[in-house]
1. Anything in the stretch 222-240 that is among the hydroxyl-bearing types (Ser, Thr, Tyr) and within 19 Å of residue 163 (Cα to Cα)? List them, or say none.
2. Among the strands (runs of 3 or more DSSP E) lying completely within the stretch 31-121, list those that include at least 3 residues that are under 22 Å from residue 142 (Cβ atoms) and either open to solvent by less than 30 Å² (accessible area, probe 1.4 Å) or at pLDDT 95 or above (or both).
3. Take the stretch 286-311 and flag every residue that is buried (at least 22 other Cβ atoms within 10 Å of the Cβ) and either assigned to a strand (DSSP E or B) or basic (Lys, Arg) (or both).
Amino acid sequence: MTAERKDTTVYEKDDPRSSLATATAPRPDSGAAIAAAQYFDLHRLAPPGAATPDARTAVVRAQNVVLVHTEARAGDDLDNGTLDGELAVVVTGASPAFTVATGDGGTRIDAPGLVVVPSGASRISVHGDGPLIRLVEAGEPAWRDRAANAGAYAEDHPRVAPLERWPEPVGGPAMRFYPLAEVPDDPARFGRIFRTRSFMVNFLPEMDGPRDPRKLSPHTHDDFEQLSLAVRGQYVHHIRTPWLSDSSQWRDDEHVRLGSPSLAIIPPPTVHTSEAGDPEVNQLIDIFSPPRTDFSEKPGWVLNADDYPMP
């Protein structure tokens with residue numbers, strides 16, 4: 001079983017997250033430094049007009065997961081390498097159709113959702129233009145060492161729990177696709193959540209217009225990072241670093257505005273909330289590694305729980 005994870009929340013009472021367990025008292029402080037939040041404009045890292053797929057691919061890591069964002073074009077052939085763990089492909093409404101090829105054959109994907117590819121060698125053949133997001137474990141050296149922020153994890157962050165893979169999926173390793181179209185948004189459930197052995201991906205609903213600044217939800221996580229991937233619109237990420245006894249480690253509050261596609265990596269135990277700001281459509285996808293126990297314990301929240309059991 002992974003370490004206990006708790007949210008300390010100030011959610012609105014009608015927010016489904018308000019029923020999550022919350023910390024009733026501060027945990028004893030470990031004395032370890034609190035990592036800085038990180039922010040990435042993915043098109044600045046990898047210009048979408050570049051000629052080759054590699055040049056259109058931004059690679060950014062957190063402690064346990066590497067995010068690979070490619071502005072793909074029809075005809076691209078993306079080599080995932082030979083992975084020790086699963087590969088997850090996050091497919092958005094703007095993503096092109098593509099085929100994932102493994103030793104067991106090819107699977108065509110042409111709708112938004114989450115693709116889980118078993119360990120081993122795989123490739124992606126792209127049939128149109130648009131973004132493809134891949135997730136691999138940070139223990140995969142070929143991807144870990146390509147990360148634009150590799151230096152930020154030259155040493156593990158002591159406040160982040162290490163990745164311990166959750167149990168094998170029911171029926172064993174296999175290609176699995178979880179289409180969003182089969183799962184409508186439900187205000188009683190927080191987003192549309194899927195998990196693998198190593199990752200949890202939450203497709204948050206599209207939001208029309210800016211978020212009401214009087215109804216934000218600042219909260220903290222005890223021991224896991226949150227990757228907030230903006231796929232539409234723009235967001236202001238509000239981050240507050242708690243004051244520890246060493247005042248040389250104090251930081252001013254941050255209010256960082258990013259467009260899309262962009263990624264914010266939010267470390268524990270910072271207080272954080274993200275505020276949608278585009279006058280049209282905004283959408284975030286939240287990513288965690290390992291999967292969150294608190295979300296997993298909520299009945300009906302994890303949509304593929306029958307395939308991927310808890311420890």
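The values are calculated or read from the model by the stated rules, or taken from the named source; none is laboratory data. Here the structure is a predicted model, which means the values were calculated and not measured. Counting neighbours? That spans all protein chains shown, and the Cβs are built from the backbone with ideal geometry, glycine included. Each accessible area value is taken on the protein alone, full model and side chains, heavy atoms only, with ligands, DNA and RNA left out. Shrake-Rupley method; radii C 1.70, N 1.55, O 1.52, S 1.80 Å.
1. Step one: list which residues in the stretch 222-240 are among the hydroxyl-bearing types (Ser, Thr, Tyr), which gives 228, 235.
Within the stretch 222-240, 228 is the sole residue that qualifies.
2. In the stretch 31-121, 57-61, 65-72, 77-83, 87-91, 98-102, 113-117 are the strands (runs of 3 or more DSSP E) which contain 3 or more residues that are under 22 Å from residue 142 (Cβ atoms) and either open to solvent by less than 30 Å² (accessible area, probe 1.4 Å) or at pLDDT 95 or above (or both).
3. 287, 288, 292, 302
Results for (1) over 15 Å from the mean Cα position of the chain (by Cα); (2) not acidic (Asp, Glu), shown as yes or no for each residue.
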| residue | (1), (2) |
| --- | --- |
| 257 | yes, yes |
| 266 | no, yes |
| 271 | yes, yes |
| 278 | yes, no |
| 282 | yes, yes |
| 287 | no, yes |
